[in-house]
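Worksheet: the structure to be examined is printed underneath.
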Amino acid sequence: MNARKLLSYALGPVGGAAVGLVSLPLISWYYPPEDVARIMLLQTVASLVLLMMSFGLDQAYVREYHDADDKPALFKALSMTPMAAGLLLCAAVMLFKPGWPSEKILDLHSTALSLLCLLFFLGTLAGRYLALILRMQERALAFSVSQLTPKVLILVFVAAYVLSGLPTDTFTLILAYALAQTLAVTVLAVQTRSELKAAAAAQWSGKTLKESLRYGLPLAFGGLAYWGFTSADRFLLKELGGLSELGVYSMAVSFGAVALVFQSVFSTIWAPMVFKWVKENSNLEKISGIALTMTDAMAAVICLVGIFSPLVSLILPPQYSAVQFILLSSMLYPLLYTLTEVTGIGINVSRKTWLITVLSVFALLCNLILLYWLVPRFGARGAAAATAVSFWLFSVLKTEISARVWQDLPRWRIYGKMCACLLGSLTYTLWGNAANYYVFAAVWLCLLLALGFAHRQSLAAAGKAIKGRLKTGQT
């Protein structure tokens, strides 16, 4: 993959992160923590609906795309069932329990809010499948635009509320998210209109659907367990600490999601590329080196975030002061997820996806135990710590099993650095304060310098390449 295409893929998550760094403080100043918490719960339930209604067929589409002779027929077979299931679910809710989404998710009784929630869910589901077309065709710029659109629209809507003096309440915030998602799907439909026409004209294949369900359903069950252990913190914190505490935690998680820049770009490129390598039986020896480089990159990001974490307190209201310390553990989850995309890819390659279900259930049980122990003692800090430990355990187990069922990796070097990142993050999250911050910062700076020294040759080569490009551009 050339540098231009890589930069095009990066535009969506990098731009989204930049927009988030503007929209999150804006929301925090004009909306109470309770509404921030409600948005997180809405997005969390949307991801659950996506998992349940997709049946793992989105993952099957990625896995089978390069092997399919008739790609429009593949898309038709794997997208019709999820969309039909999603529409039926939303229709049934509005017909029999119209106030249920608002009551259960938002703690408010409002049919209008329920309708907006369902609209957001359907938009999330449709957007997932349409974006997959762009992703698999390697239309990098179009894919990035589709990912960036809803984030920009949310910022535009919230800024319009503030500037025009409209109410900044739960309804207007949920409305902004629902409208942004709907308009993003519209953009995707325009971008993929020719593929959608071809899929509509293609013959539907029950055999393709059946074979894909065999691959995708174990992933879906594993995804449900995975959703459980990455979402249990939000629901338990809501019950044990209230919406206000959850709002503070939600803000930290949202800032930590900046690490999803790495995860989103890398995941978009990585899985299709590895499946292509497997088919061609080439470049497989590169995976170990990539895994080690990714581990060091994760450690460097942890050090940098820790050093600059006090900056968060400068842009948020005083009630969010704990975000500075929660941030590091919240960021560990997407960073570990990105690393595990490399170290755990063997499970997907070998098609033993049922193993992910077992690992996810085990991690979920671990997370629940830690949450019940840590949240009453540390509140939002405890929730972040519990999730970080659980995901670290999940990552280690997934890496270990992947190495045994497919290709070996230098695992102990990876595990040692993963453990150091976890311990540093937990210590700062649970016991960090303004007084001892400088001790942590000194340690992180030393580790960052050590990582730079270890990769000095690669960094020097990269610097020379950039300098050469700049000179070329000037002449």
Checking Lys352 against (1) crowded, with 16+ Cβ neighbours inside 10 Å; (2) over 22 Å from the mean Cα position of the chain (by Cα); (3) basic (Lys, Arg), which test does it fail?
-> (1)
Kindly provide the set of residues from the stretch 284-329 that are over 27 Å from Ile414 (Cα atoms), polar (S, T, N, Q) and not in a helix (DSSP H, G or I), ordered by number.
-> Ser321
Under the condition of being crowded, with 21+ Cβ neighbours inside 10 Å and under 21 Å from Leu327 (Cβ atoms), which residue from the stretch 395-425 is farthest from the chain's Cα centre (by Cα)?
-> Gly424
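A quick yes/no check of all residues on (1) at pLDDT 85 or above; (2) β-branched (Val, Ile, Thr); (3) over 18 Å from Ala385 (Cβ atoms); (4) not assigned by TED's automatic domain parsing to the domain that holds Ser28:
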{"position": "Lys210", "(1), (2), (3), (4)": "yes, no, yes, yes"}
{"position": "Ala225", "(1), (2), (3), (4)": "no, no, yes, yes"}
{"position": "Ala257", "(1), (2), (3), (4)": "no, no, no, yes"}
{"position": "Gln263", "(1), (2), (3), (4)": "no, no, yes, yes"}
{"position": "Ala271", "(1), (2), (3), (4)": "no, no, yes, yes"}
Checking Val248 against (1) more than 26 Å from Leu148 (Cα to Cα); (2) of a type in the set (Val, Ile, Thr); (3) crowded, with 21+ Cβ neighbours inside 10 Å, which test does it fail?
-> (1)
Run Leu430 past the list (1) under 20 Å from Asp296 (Cβ atoms); (2) touching a helix residue (DSSP H, G or I) at 6+ places or on another chain (Cβ under 7 Å) and report the number of the one that doesn't hold.
-> (1)
Counting only residues that are in contact with a Gly (Cβ under 8 Å, 6 or more places away or on another chain) and either farther than 14 Å from Phe394 by Cα or not in a helix (DSSP H, G or I) (or both), how many does the stretch 330-358 have?
-> 4
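Test Gly247 against the criterion of being in the same structural domain as Thr338 (by TED's automatic domain parsing), within 22 Å of the chain's Cα centre (by Cα) and touching a residue at least 60 places away in the same chain (Cβ under 8 Å), and give yes or no.
Criteria met by Gly247.
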Name the residue, out of Leu115, Leu122, Leu183, that is out of contact with any Asp or Glu (no Cβ under 6 Å at 6 or more places or on another chain), surrounded by 20 or more Cβ atoms within 10 Å (Cβ to Cβ) and not assigned by TED's automatic domain parsing to the domain that holds Ile269.
-> Leu122
Determine if the stretch 86-102 includes at least one residue that is closer than 26 Å to Asp233 by Cα and in contact (Cβ under 8 Å) with a residue 60 or more places away in the chain.
-> no
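One line per residue, one yes/no per condition, for (1) more than 30 Å from Val253 (Cβ to Cβ); (2) in contact with a Gly (Cβ under 7 Å, 6 or more places away or on another chain):
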site	(1), (2)
Phe440	no, yes
Trp444	no, yes
Leu451	no, no
Ala460	yes, no
Lys464	yes, no
Which pairs do you get when a residue that is of a type in the set (Val, Ile, Thr), found in the stretch 14-29, comes within reach of a residue that is modelled with pLDDT of 80 or more and part of a helix (DSSP H, G or I), reach meaning Cβ atoms under 7 angstrom, with the pair 6+ apart or on two chains?
-> Val19/Lys151; Val19/Val152; Val19/Leu155; Val22/Leu155; Ile27/Val36; Ile27/Val158
Which one is surrounded by the fewest Cβ atoms within 10 Å (Cβ to Cβ), of the residues in the stretch 435-473 that are at pLDDT 90 or above and not in a helix (DSSP H, G or I)?
-> Ala435
Within the stretch 136-145, the count of residues that are assigned to a helix (DSSP H, G or I) and surrounded by fewer than 23 Cβ atoms within 10 Å (Cβ to Cβ) comes to 4
Filter the helices (runs of 4 or more DSSP H) completely within the stretch 166-265 down to those with at least 2 residues that are over 28 Å from Tyr65 (Cα atoms).
-> 170-191, 206-256
Does the stretch 63-74 contain any residue that is of a type in the set (A, V, I, L, M), in contact with a Phe, Trp or Tyr (Cβ under 8 Å, 6 or more places away or on another chain) and part of a helix (DSSP H, G or I)?
-> yes
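The values are calculated or read from the model by the stated rules, or taken from the named source; none is laboratory data. Not measured: the values here are computed from a predicted model. Here the Cβ is made from the backbone with ideal geometry for all residues, glycine too, and neighbour counts use every protein chain on show.
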